[in-house]
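One structure, pasted below without further comment.
The values are calculated or read from the model by the stated rules, or taken from the named source; none is laboratory data. Every value quoted in this text rests on a predicted model; they were computed, and no experiment measured them. Note: ideal-geometry Cβ built from the backbone for every residue, glycine included; neighbour counts use all protein chains shown.
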C-alpha cells in the first residue's frame, strides 16, 4: 500500500520537475489520457489544468491527474494482467465485488481499482461554471435529509476534516437509495460497501498540499467553490428514476 511518506515524496519530486521545466507548467491545456497499457485507461481531464484556479492550482491538477491517477491505472493493469476475465469487467464492477477477485490480487485491485474509480468521479464533478447548489430532485432530497444545503455543506466538511491521514468524504446513495455522508480510508470506495457515490472529496495530501500545505480546512472551503452541482444532481436523478 502506498504510504503517506511515499505520496509526499512523489509530490516533492514532481514539484522539483516542474521547477526544472520538465513538466512544462506553461502548457495549461489538459492533455489526452495516456495510451492504455492494458484494459484500463487514464481518462483525459475534462478541462484545462488551470480551469479551477484560484481554488485548485494548475500544478496540483497536473501532478494529481498525470502522475497519481495514472499510477493507479498502471498498477491496476498490472494486477489483472494474468486474469483475462477480470480485465473484461468495468472497474466499478471489480471494486463492487472484491470477494470475487482472487486473493492474490485483491488488495491491489482494492487500492488501485478504487483509486481509478474514485479519481474518475472526482474530475467529473468539478467545474467553476456549473450550478453552485443542487438542483431538481437532489435539492429537495438534501433539504429533506440534512435540513438545508448549508447544513449539508457543514456536515460533509466536518466529515472530510475528520478523516485521519489519507482518504475521502462522500455523498452517496445507500442501499435503500437514501442520501448518506460517509468517509473511507486510503482509496476505498463506497461501491465496495454497496453505496453509489454522487460526490467525493479527496483528502489525500497530494490533492491540496502544494497550495494549502497542512491547511486542509482551506482546501475544503475551496473545494465547495468548484463542485459542479449540475453533474451531481444529474447523477442523482438517473439513479432514482
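Going through 152, 164 one at a time, which residue ends up being on the phi < 0 side of the Ramachandran plot, assigned to a loop (DSSP other than H, G, I, E, B) and free of Cβ contacts under 8 Å to residues at least 60 places away in the same chain?
From the options 152, 164, the qualifying one is 164.
Another one. Is it the case, given these coordinates, that residue 73 is outside the structural domain of residue 234 (by TED's automatic domain parsing), without any contact (Cβ under 8 Å) to a residue 60 or more places away in the chain and assigned to a helix (DSSP H, G or I)?
Spelling it out, residue 73 is indeed outside the structural domain of residue 234 (by TED's automatic domain parsing), without any contact (Cβ under 8 Å) to a residue 60 or more places away in the chain and assigned to a helix (DSSP H, G or I).
Output yes when any residue across region 189-201 is part of a loop (DSSP other than H, G, I, E, B) and in contact with a helix residue (DSSP H, G or I) (Cβ under 7 Å, 6 or more places away or on another chain), and no when none is.
yes
Tell me whether region 19-35 contains one or more residues that are surrounded by fewer than 16 Cβ atoms within 10 Å (Cβ to Cβ), in a helix (DSSP H, G or I) and at pLDDT below 85.
For region 19-35, residues surrounded by fewer than 16 Cβ atoms within 10 Å (Cβ to Cβ), in a helix (DSSP H, G or I) and at pLDDT below 85: present.
So, one more: Scan (1) assigned to a helix (DSSP H, G or I); (2) under 28 Å from residue 207 (Cα atoms); (3) touching a helix residue (DSSP H, G or I) at 6+ places or on another chain (Cβ under 6 Å) for the single condition residue 137 breaks and write down its number.
Among (1) assigned to a helix (DSSP H, G or I); (2) under 28 Å from residue 207 (Cα atoms); (3) touching a helix residue (DSSP H, G or I) at 6+ places or on another chain (Cβ under 6 Å), the lone unmet condition for residue 137 is (2).
Quickly run through region 129-161 and pick out the residues that are within 30 Å of residue 66 (Cα to Cα) and surrounded by fewer than 16 Cβ atoms within 10 Å (Cβ to Cβ).
If the condition is that a residue be within 30 Å of residue 66 (Cα to Cα) and surrounded by fewer than 16 Cβ atoms within 10 Å (Cβ to Cβ), then 129, 132, 133, 158, 161 are the ones that fit.
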